[in-house]
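Below is one structure; the comments refer to it alone.
The values are calculated or read from the model by the stated rules, or taken from the named source; none is laboratory data. On a predicted model such as this, the values are computed, not experimentally measured, just so you know. Using ideal geometry, Cβ is built from the backbone for each residue, glycine included, and neighbour counts are taken over all protein chains shown. Ligands, DNA and RNA are excluded from the accessible area calculation, which covers all protein heavy atoms including side chains. Shrake-Rupley method; radii C 1.70, N 1.55, O 1.52, S 1.80 Å.
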Amino acid sequence: MELVRQASDHPLPEVPGRPAAPEAELDDLYRDLKFEAQRCAYYHGMRARFFDSFGKTISLVSFVAGAGAFTSLIQGVGPLVSALATVTAFFSGLNLIVGFARKGRDHEVLRSKYYGVMVELEKARGDGQRLREIQVRLLGFYADGTIFMSALDMIAFNRVCASTGRDDCLTYVPWWHRALAHVWSFTGYYCNGKRPARKRGTGAA
């Protein structure tokens, strides 16, 4: 089950040595928006790769099972035909219902949108009006129903922290959360300041 992420769920890391107001406010806004856009881009990139890979695997299994069922039918192996036909029907039906390829494309489109936002942010740095317009756009993405798997979202959070040198903000993600990050949300585990933080090399994703 997936979770709609709230802005307060994952506070952004603080950066020391910020300039004086009002420059500090614009710097904070730019930094927060860039962090959020980069995290969302990482998240949707991981989702796109997951659905693409899983969809290809499902198609391969269906093809092999279908070919095996046809061969068994020609050779007159009745029980094997039924078993392979059941496997083919199951995986083909699963792919039809879930639509792995379509979901992969949807997340790839969202990933591209967030990278586009990052380009706009670089052009708008220091421009308060343009930064606030971009902020509204990001909020609009959430209003359109953007949903996040909590554990996977925290993995994306850690990747942005690591890429920006903020190792002190890395959050520990248990191995079973990483293993199930694409299929289970772990709702509430990473909310309300209950996340156990650890530095790189101690289990942070």
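Some notes on this structure:
- Selected residue (criterion: most open to solvent (accessible area, probe 1.4 Å)) from residues of the range 101-123 that are in contact with a helix residue (DSSP H, G or I) (Cβ under 6 Å, 6 or more places away or on another chain) and hydroxyl-bearing (Ser, Thr, Tyr): Tyr115
Every residue, every condition in (1) closer than 16 Å to Arg39 by Cα; (2) charged (D, E, K, R); (3) at pLDDT 90 or above; (4) open to solvent by less than 80 Å² (accessible area, probe 1.4 Å), yes or no:
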| residue | (1), (2), (3), (4) |
| --- | --- |
| Gly99 | no, no, no, yes |
| Arg125 | no, yes, no, no |
| Phe141 | yes, no, no, yes |
| Gly165 | yes, no, no, yes |
| Tyr172 | no, no, no, yes |
